[in-house]
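Worksheet for the structure shown next.
The values are calculated or read from the model by the stated rules, or taken from the named source; none is laboratory data. A quick note: this is a predicted structure, and the numbers were derived from the prediction, not measured. Cβ coordinates were reconstructed from backbone atoms using ideal geometry, including for glycine residues, and neighbour counts include every protein chain displayed.
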């Protein structure tokens, strides 16, 4: 599975990439955020997007809305999971109401991150 991680924090990008690629079954492509992330999505056509909530140029929800408004049905089908330190129920519900398939709270455990993603994608 090709996963695009969009996060402005270099440490989070590195930890996430190592964590998800250790199985040898996933390729993680990295983006620092901003509008150039849309170009990367178009170029890479990932199977999943992990999207940070708070970023300086454009936040995760804004980027998500821009992504969903691009007239390309394939892009509208890419599942998105938000990564966020926002943990209140109403904040999580707001992200899910946008159309995200899940939310992973920061800080996350790199050792269980892949299982968290799998549980969101394929709930038991």
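The figures follow:
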read-out	value
Hits in segment 1-13 - residues which are part of a helix (DSSP H, G or I) and surrounded by 15 or more Cβ atoms within 10 Å (Cβ to Cβ)	12, 13
Odd one out for residue 40 among (1) assigned to a loop (DSSP other than H, G, I, E, B); (2) at pLDDT below 95; (3) touching a strand residue (DSSP E or B) at 6+ places or on another chain (Cβ under 8 Å); (4) surrounded by 12 or more Cβ atoms within 10 Å (Cβ to Cβ)	(1)
Out of 50, 95, 75, 63, sole residue that is modelled with pLDDT under 95, surrounded by 13 or more Cβ atoms within 10 Å (Cβ to Cβ) and touching a strand residue (DSSP E or B) at 6+ places or on another chain (Cβ under 6 Å)	95
